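The values are calculated or read from the model by the stated rules, or taken from the named source; none is laboratory data. Nothing here was measured: the structure is a model prediction, and the numbers come from that model. FYI the Cβ positions are ideal-geometry reconstructions off the backbone, even for glycines, and counts take in every protein chain you see. These accessible areas exclude ligands, DNA and RNA; they are computed on the full protein's heavy atoms, side chains included. Shrake-Rupley method; radii C 1.70, N 1.55, O 1.52, S 1.80 Å.
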Amino acid sequence: MSRRLSDVAKFAGVSVATVSRVLHDKPGIAQATKDSVLTALDVFGYERPAKLRNERGPLIGLVLPDLQNPIFPAFAELVVSALIRRNLLPVLCTRTADGVSEAQYIEMLLAQQVGGIVFIGSSYADAGPEHSRTLRERRLPIVLINAADENLDVPRVCVDDRVAVDQALDHLTALGHERIGLVLGPVGHVPSVRKLAAYAAYAQARGDREWRGRVAHTIFSMEGGGTAATRLLKEEVTALICASDALALGAIRAARKQGLSVPGDLSVVGFDDSSLMNVTDPPLTTVRQPIQAMSTAAVASLMSQIDGRSVPVDEVLFDPELIVRGSTGMCR
């Protein structure tokens, strides 16, 4: 049993002695610590003590726009792990092919009396004014990660999109590229708006009056990236900065269809550093999001709200990191 206790203690981040005190329902244990130990027991399949079997935390909704973009499951995995450690039960809600929307999920979550909602890459504004008003009236704990809309009245955790574009531009400029294109998500998508602002400032500082023609908006998919890249290649760009890794992979495929090599004829930078980008052909230069730190911050903000503590509703920005691989090279 000592080995079992050590496994539980390691997972919960406490000592074996603390686990033992929880199991024997000793006084003086903080509720958060108790919840972590009980959750660890559940994870390892150990039966809870009889007195503690009904102590379960509330449901927490995780609302994602889709599971096709690898960055969303990556965030969800980290958030789910953090919630489970706190004895909270996550419920994954993602838009489906048969038309289940964020608004419908929010309605179902509210009906289940959830204890909070984490929006990843989406927004409670998508639910419409009625649901948004209901969320505000109930004062339901909410956190948004890389929200698609501004949502100025709720806590937000975001990567700094302006810094991401600046890093990519500095890298490509150092390689001699001057005609750099930008592939973004849909018009009005907040992370894309911020990336565009950084790109515009960069171009204007250099007196470039033609920069708007080297910007393309599209859907977040490989197909969207391919369509956008095909148009921008007509503008004689030598490099592309893409707002997601999927867009970047689509751009590379489009370039190859035209007989161009990457990075020989076209350099491509992605965004996210989602899984497997280091084994693509060529390995993708991309801007990495600090998803571990961002997920931790989001869950901490949610827990503060659940515990009734005052939480600022301003935005917390995290710096990204440019990861240089084989998809970028010197301009010919």
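The set of residues in segment 222-260 being hydroxyl-bearing (Ser, Thr, Tyr), free of Cβ contacts under 8 Å to residues at least 40 places away in the same chain and closer than 18 Å to Ile180 by Cβ consists of Thr230 alone.
Residues in segment 121-177 that are modelled with pLDDT under 90, open to solvent by 30 Å² or more (accessible area, probe 1.4 Å) and in a loop (DSSP other than H, G, I, E, B): Arg139, Asp149, Glu150, Leu152, Asp153. Under the condition of being without any contact (Cβ under 8 Å) to a residue 40 or more places away in the chain and within 19 Å of Gly61 (Cα to Cα), which residue from segment 279-308 is least open to solvent (accessible area, probe 1.4 Å)? Restricting to residues being without any contact (Cβ under 8 Å) to a residue 40 or more places away in the chain and within 19 Å of Gly61 (Cα to Cα), the top hit is Ser304. Val311: under 22 Å from Glu150 (Cα atoms), open to solvent by 30 Å² or more (accessible area, probe 1.4 Å) and part of a loop (DSSP other than H, G, I, E, B), yes or no? So Val311 passes the test. Using the structure shown, decide if Val183 is in contact (Cβ under 8 Å) with a residue 60 or more places away in the chain and either within 25 Å of Val313 (Cα to Cα) or open to solvent by less than 70 Å² (accessible area, probe 1.4 Å) (or both). When the stated conditions are applied, Val183 passes them.
Summed over segment 237-257, the residues that are closer than 20 Å to Asp166 by Cβ and touching an Asp or Glu at 6+ places or on another chain (Cβ under 8 Å) give a count of 3. Of the residues making up segment 53-67, one or more are touching a Lys or Arg at 6+ places or on another chain (Cβ under 6 Å) and either modelled with pLDDT under 75 or open to solvent by 30 Å² or more (accessible area, probe 1.4 Å) (or both). Is it true that Ala50 is surrounded by fewer than 21 Cβ atoms within 10 Å (Cβ to Cβ) and either modelled with pLDDT under 80 or at positive phi (or both)? When the stated conditions are applied, Ala50 passes them.
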